[in-house]
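Below is one structure; the comments refer to it alone.
What follows is calculated from the coordinates using simple rules that are stated; it is not laboratory data. A quick note: this is a predicted structure, and the numbers were derived from the prediction, not measured. Because the Cβ atoms are built from the backbone with ideal geometry, glycine has one as well, and the counts that use them run over all protein chains shown.
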Amino acid sequence: MQKPTSLPKPPVIVSPKSFLAWIGKAFLILLAIYVTYILISNLIQNPGLFLTNIINGLQMGFVYALIALGYTMVYGIVKLINFAHGDVFMVGAFVSYFAIDRFQLQLWPSSVFPDVDPNLSIVVGTITTILLSMLVCVLLAVTIERVAYKPLRDAPRIAALITAIGVSFFLEYFGLLDFVFSARFIPYQRPFEVVTWYFSNGIHLLEAGESLPEGSITVSNILIFIVLATLAVLLFLQFLVKRTKIGIAMRASSFDKPTARLMGIEVDRVISFTFAIGAAFAALGGVLYAIAYPSIRTLMGVYPGLKAFVAAVLGGIGSIPGAFVGALIMGQAESMTASYISTPMRDAIAFSILIIVLLVRPTGIFGEPEREKA
Amino acid sequence: MDSSILLSLVKMIVVIAYLFGLFWVMGLKVGKITLGGKKVDISRWINLLGAVAGFGIVQLAMTKFGGFQLLNNFDIGLLYQACTMTMVALGLNLIYGFNGQFSLGQWGFYGIGAYAAADVTFRWTNGDSRGLTVLGIGVILAGVVILLIGRLLSNLRRMPVLSSFTIYLVGTGLAAVVAVFAGKLLAPMIDPLLGTNLAPGPLAQGAALQVVFVLGVIFAGIFAAIISFLFGLPVLSLGSDYFGIATLGFTIVVYTLMVNTDTILPFPEMRGGRGMIGIPKLTTWFWAFLFMMLVIVIMRNILRSSHGRSIISVREDETAARSMGIDVAGTKLLSFVIGSLFAGLGGGIYAHYIGFLSPGAFDFLIGFNPLIIIVFGGLGSMTGTITASFGWIFFLEGILRVVLGQISPEAPTWRYVLYPIVLLLLMLVRPQGLLGNVEWGYLKLPRIPLRKSAAEGEKA
């Protein structure tokens, strides 16, 4: 007779309420408590510094939002991490640098019409400079899309990704050559003067050479400019995507390309348009970034580009409000880490937040659940 | 055409021909022959002999015969670099090419391996054995702890990833703490034998140093593998592009830590962003070749085993693989850990070849190189990866540097402008890579024909 063999033990199914399932949650909760503790203790210790950090984070976050919009739209439609986007951002900053430094473009209204109001002249000149950067970047992005990405529309996804990396490398290393942008840090001349206000028993204008009172918070016109420009772009984009014909075409193409094509949408044109509009915002972001942190170099687009992509993923890729919220979170995380933990660790914290958020919500904060693919 | 350009071109072709010859001999099937009345299969011996001969030929070419040396020091350096690049790229090909997990973290594990191994030998030659004892005890203990926890958790289903990650993290952390104390207790017994920096003791040189070097490289590889296990456990569940961006983040975090080894991390001898100097240059052709062949043989045998088949099946179709009873998450983790192990070993060899580690060499921009290499060579092709790694180093570092160096002294920077263009052209003309998924000689796998849609991946 055959010996009765012992059956393998049946697997134990961990119920979501059991102790084992709670270990992970407890880990996250402990982490959250620790972060809250750091933040609150610093807020109590020095509220002025805390608010300054929030303002710095906002400035950073709004610029990231401008870049993240391009990433999220392009990824939403072609499912491609457009690594060259950060370099388009860099080109935007450099175009404005050359326009200002070599051609004094920000002063053109007063040099053409000498009796125009100087303030109006600066406003018009700055806007012209930004428009010029946007135009150049749009042309660049559409060229990249036509030359490099379009032939690979039907190739494996990795081929397109490698091409994107290749384009990004080309822009970077070409820019690093001495006769192009060179590898140096270049001081950026702002198109307008910085005006700073501080809050200390009311709002005061900070005069040149005046020292700040203890514990006061400063706000500059750069921050206001960045916030207004970004909000305008967001509203414009929401209107474009929700109300106009091309916006509907964009949403249709991102939802289901073959069907969109059957409905008479020229998907290739929509994709080009998406790249163009993303590049325009990246150029705007580049100019604003250079104005806010006036030192530019060829590799300046690498980290902001990556962080903006992380912000887009954080908010839920493909979602415009998501990109905005994600970028704000990234900005805050970065300025808080730099101030309270350690400056070099801010990149690490940014990516850790991404990983934790994705573990809890795999499609990002505003992301829609993945559709089942047929 | 200048003679030196021609010469370096010839060298590149010879090296690639050498590789193909090597793997041809290693895969040779002679059949049985009669030897003293008995039928003996000598294929295995011929294959082994081929590998030894492959080592010997290059070793001879490196040796000086009365002032004549076939390969100069520049070429030897290229060979070492190519060996390490092969190890790193093969690891990535296991993760991405064979298992389909788009990873950009390979360069981070390479860096971890390089720094860990360099620290061991650096401390050893400076009369401090703590590097070896702490790292050795640490990786062994952590490995045992991870295996034990894995045994304990193996019978649980629907365990949340975060929970098991927390358990592993706590276990490994405890192991690390124990290792630091145990290593510090053990070290003073060996320290007197090492002497000081100025007067090295008996164990600081010669055979003892070689043993420490090999142990250091192996421990560094396992260290990278353990880190990849802890990192991969939660992150592999994220899915393709998210996994890619998270691993890219890992590379950036490792880079940031390297820049701050002396401020955030407690390793003043690594000197942060200024770079670690004084690493003994112990890499010889013997070790570089041995470790490279080890990686190739291990990977080839894994791919021919049932684990390899499940790794490939996960790439082809996860749902189908799961329904066949394959542990998809475990398989992904296995390939990720082994790939990182290879990267860590490669890092150890590289550190002892170059003798100087600076964080700039582990920047994520350079970290795209292995990815580009495996795509060049063909995803899911070991032959392609090895050829592309050697070709890459000899082309980019060899030929282009020579060619452009003759035009003007600044011109070598142009090679990084040229190579994206080559890359773009290759992607436009032949997106599946130079060799597709062709294998050669020893590396031939029992082929499983790819389903067209799976082989091309998800279309955009």
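Here are some notes:
- With a Förster radius of 41 Å applied to the beta-carbon distance between A:Lys9 and B:Arg430, the computed FRET efficiency rounds to 0.20.
- Counts of other chain beta carbons within 10 angstrom of each beta carbon in peptide A:16-27 average 5.
- FRET efficiency for A:Tyr303 and A:Thr36, using Cβ-Cβ distance with R0 set to 35 Å, rounded to 0.05: 0.80
- FRET efficiency for the pair B:Glu318 and B:Leu169, taken as 1/(1 + (r/R0)^6) with r the Cβ-Cβ distance and R0 = 22 Å, rounds to 0.25.
- Rounded tilt (10° steps) of A:346-360 against the dominant C-alpha axis of chain A: 40 degrees
- Residues A:Ser15, A:Ser254, arranged from fewest to most other Cβ atoms within 10 angstrom of their Cβ, appear as A:Ser15, A:Ser254.
- Volume per residue of the convex hull around the Cα atoms, evaluated for region B:1-138, comes out as 269 Å³.
- Label-point separation, B:Leu265 to A:Ile127 (7 Å along Cα→Cβ), nm: 5.2 nm
- Relative contact order for chain A: 30 percent, from Cα pairs under 8 Å spaced at least 6 residues apart, divided by residue count.
- Region A:40-178 - convex hull of alpha carbons, volume per residue in Å³: 178 Å³
- Kirkwood hydrodynamic radius over Cα pairs of the protein assembly as shown, then Stokes diffusion coefficient at 25 °C and 0.890 mPa s, in µm²/s: 84 µm²/s
- In region A:273-327, the inverse of the mean reciprocal separation of distinct Cα atoms equals 12.0 Å; this is its Kirkwood hydrodynamic radius.
- Protection proxy ranking of A:271-282, B:39-50 - average other beta-carbon atoms within 10 Å, highest first: A:271-282, B:39-50
- Percent of Cα-Cα distances greater than 27 Å, calculated over region A:62-299: 44 percent
- Extension gain, B:Asn301 back to B:Val211 (0.36 nm per residue minus Cα-Cα distance, nm): 29.8 nm
- Average beta carbon contacts from partner chains per residue of B:371-380, 10 Å cutoff: 2
- Ordering B:Leu152, B:Leu162 by the number of other Cβ atoms within 10 Å of each residue's own Cβ, fewest first, gives B:Leu152, B:Leu162.
- Each peptide among A:34-41, B:141-148, B:335-342 gets the average number of other Cβ atoms lying within 10 Å of its residues, and from highest to lowest they stand as B:335-342, B:141-148, A:34-41.
- Distant-in-sequence amide H partners of B:Leu104 (H built 1.01 Å from N, under 5 Å): B:Thr247, B:Leu248
- Dipole in debye (nearest 20) - region A:62-299, about Cα centre, beta carbon charges: Lys, Arg +1; Asp, Glu -1: 1200 debye
- Compactness index (Cα Rg / 2.2 N^0.38 Å), region A:267-374: 1.20
- Distance histogram in 20 Å bins (all Cα pairs of chain B, percent per bin): 23, 56, 21, 1
- Electrostatic bookkeeping for B:Arg157 treats Lys and Arg as +1 and Asp and Glu as -1; over the other residues with beta carbon under 14 Å from its beta carbon, the sum is +2.
- Taken one residue at a time, the phi angles of region A:43-56 give Karplus couplings (6.51, -1.76, 1.60, θ = phi - 60°) of 5, 5, 5, 8, x, x, 5, 4, 5, 4, 4, 4, 5, 4 Hz. Gly and Pro are set to x.
- Estimated at 0.36 nm per residue, the fully extended path between A:Arg153 and A:Leu51 surpasses their Cα-Cα distance by 32.0 nm.
- When peptides B:416-423, B:6-13 are ranked by their average number of other Cβ atoms within 10 Å per residue, the highest-first order is B:416-423, B:6-13.
- Between region A:11-81 and region A:156-201, the alpha-carbon center distance in angstrom: 26 Å
- Mean separation of Cα pairs under 8 Å and 6 or more residues apart, divided by the residue count, gives chain B a relative contact order of 28 percent.
- Dipole magnitude of region B:1-48 about its Cα centre (Cβ charges: Lys, Arg +1; Asp, Glu -1), debye to nearest 20: 440 debye
- 10 Å Cβ neighbours from other chains, averaged over peptide A:350-359: 5
- Ordered by the count of other Cβ atoms within 10 Å of each Cβ, fewest first, A:Arg146, B:Arg300 give A:Arg146, B:Arg300.
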